[in-house]
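Here the structure is laid out as C-alpha cells; the discussion comes afterwards.
The values are calculated or read from the model by the stated rules, or taken from the named source; none is laboratory data. The model shown is predicted, which means the values in this text are computed figures rather than measured ones. Glycine gets a Cβ as well: all are built from the backbone with ideal geometry, and neighbour counts include every protein chain shown.
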C-alpha cells in the first residue's frame, strides 16, 4: 500500500486487520454519500431494522485517527459475528484488496462535494483539536471555512484528496468485486440503486420488506434517526441534522465564480480521464455504466 497519512487519517491503521471472505468496504471521497451508502448496506444486512448498534460503531471508519484507537477498532471488528461492513476515505492504492471481499465506491460532482465540505468543517466541533494534533505531529488537518468560497475552493482543489480517491478507484474499474455507484443515481432512484447494491452483495431481501428498508434509507429518515448513526452531538453542531445537512446538488452555481470553475475544469482535466470525469459529474448513466 502507498502510505497515506494526514491529521485525520492514517492507513497504517489497516495493519493487524484480519479479513473475512464476505467483508464489505464502502470506499469514497469525503462528502459523496458515504454515510448514506453505509446506511444502505446496513439496512440490507438487517432488513428488519435491528442493526446491532450505532452505524459508526457497527461500520467503523478504518483510517480515522480520532474516532477510536486502532486497537479498539480491531477488537470491535474481531468481535463482530455478523457480516461486516467498513468505511474508507483513502485512495484505492492505500488500502488492501481481498479477492473475496466486496468494495463499493460512491462518487459525486466535485463541486457538490465541496459545498458539503464547507458545511462539514464549519460545524465540526473537534476541528481545533484536530488542527492542534496535526501541528504537533507534522500532519495536515482540514482548514476552517471562513465564508470566502473562492479562496476556500482553491484550498480544497489543492489539499483535499477527492480527485486522488476518484482516480485510483477508476483505475480499478475492471475488478469484478468493485461496484461503482453515484450520489445522483441514489437521489434519482434510491430503490433501484439499493437493489443494485443488494444484487452485488448477494443479499436477498424478502420482497415484503423492501418498502420499509428503502424508507429507512431516505435522506429525511437518516436526518431524523437520532443517535442511530452516531452520537454526533459530540462532533457536530446540530448533531445528525448538522452532519446530514441538505443533500442537495447545484448549490455551487450560486457561489463559485467563472474563475473558480475554470480552475475546477483544469483540475479535472489534469487528474481524471475524460470518461471518469463524465461519470464523476453525471453518474453511471452519463457513461452507460450498468
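Output the residues belonging to region 22-44 that are in a loop (DSSP other than H, G, I, E, B) and either buried (at least 21 other Cβ atoms within 10 Å of the Cβ) or modelled with pLDDT of 95 or more (or both).
Within region 22-44, 22, 23, 28, 29, 31, 32, 33 qualify.
Look at region 83-107 and say how many of its residues are in a loop (DSSP other than H, G, I, E, B), touching a strand residue (DSSP E or B) at 6+ places or on another chain (Cβ under 7 Å) and more than 20 Å from residue 60 (Cβ to Cβ).
Within region 83-107, residues that are in a loop (DSSP other than H, G, I, E, B), touching a strand residue (DSSP E or B) at 6+ places or on another chain (Cβ under 7 Å) and more than 20 Å from residue 60 (Cβ to Cβ) number 0.
Of all residues in region 147-182, count the ones that are closer than 15 Å to residue 276 by Cα and either part of a loop (DSSP other than H, G, I, E, B) or at pLDDT below 95 (or both).
Adding up the residues that qualify gives 4.
Please give the number of the condition residue 246 fails out of (1) at pLDDT 85 or above; (2) within 18 Å of the chain's Cα centre (by Cα).
All conditions are met except number (1).
Sort out which residues of region 220-238 are within 12 Å of residue 40 (Cβ to Cβ) and either touching a strand residue (DSSP E or B) at 6+ places or on another chain (Cβ under 6 Å) or surrounded by 18 or more Cβ atoms within 10 Å (Cβ to Cβ) (or both), and write them in order of number.
Answer for region 220-238, where residues must be within 12 Å of residue 40 (Cβ to Cβ) and either touching a strand residue (DSSP E or B) at 6+ places or on another chain (Cβ under 6 Å) or surrounded by 18 or more Cβ atoms within 10 Å (Cβ to Cβ) (or both): just 222.
Within region 108-127, work out how many residues are surrounded by fewer than 19 Cβ atoms within 10 Å (Cβ to Cβ) and part of a loop (DSSP other than H, G, I, E, B).
Selection size over region 108-127: 2.
Taking region 271-285 as the search range and keeping residues that are part of a loop (DSSP other than H, G, I, E, B) and buried (at least 17 other Cβ atoms within 10 Å of the Cβ), which one is modelled with the highest pLDDT?
Applying the filter and picking the extreme gives 272.
Kindly provide the set of residues from region 251-270 that are assigned to a helix (DSSP H, G or I) and surrounded by 15 or more Cβ atoms within 10 Å (Cβ to Cβ), ordered by number.
251, 252, 260, 263, 264, 267, 268
Does residue 130 satisfy the criteria of being part of a helix (DSSP H, G or I), touching a strand residue (DSSP E or B) at 6+ places or on another chain (Cβ under 9 Å) and surrounded by fewer than 21 Cβ atoms within 10 Å (Cβ to Cβ)?
Criteria met by residue 130.
Collect the residues in region 139-171 that are surrounded by 15 or more Cβ atoms within 10 Å (Cβ to Cβ) and touching a strand residue (DSSP E or B) at 6+ places or on another chain (Cβ under 9 Å), keeping them in residue-number order.
139, 142, 161, 165, 166, 169, 170
I'd like to check something: does region 62-80 contain any residue that is closer than 21 Å to residue 182 by Cβ, buried (at least 21 other Cβ atoms within 10 Å of the Cβ) and touching a residue at least 12 places away in the same chain (Cβ under 8 Å)?
no
Within region 183-213, track down each residue that is in a loop (DSSP other than H, G, I, E, B) and either surrounded by 14 or more Cβ atoms within 10 Å (Cβ to Cβ) or on the phi > 0 side of the Ramachandran plot (or both).
202, 203, 205
Return yes or no: is residue 216 in contact with a strand residue (DSSP E or B) (Cβ under 9 Å, 6 or more places away or on another chain), surrounded by 12 or more Cβ atoms within 10 Å (Cβ to Cβ) and within 25 Å of residue 105 (Cα to Cα)?
no
Identify, by number, the condition in (1) surrounded by 19 or more Cβ atoms within 10 Å (Cβ to Cβ); (2) in a helix (DSSP H, G or I) that residue 136 doesn't meet.
(1)
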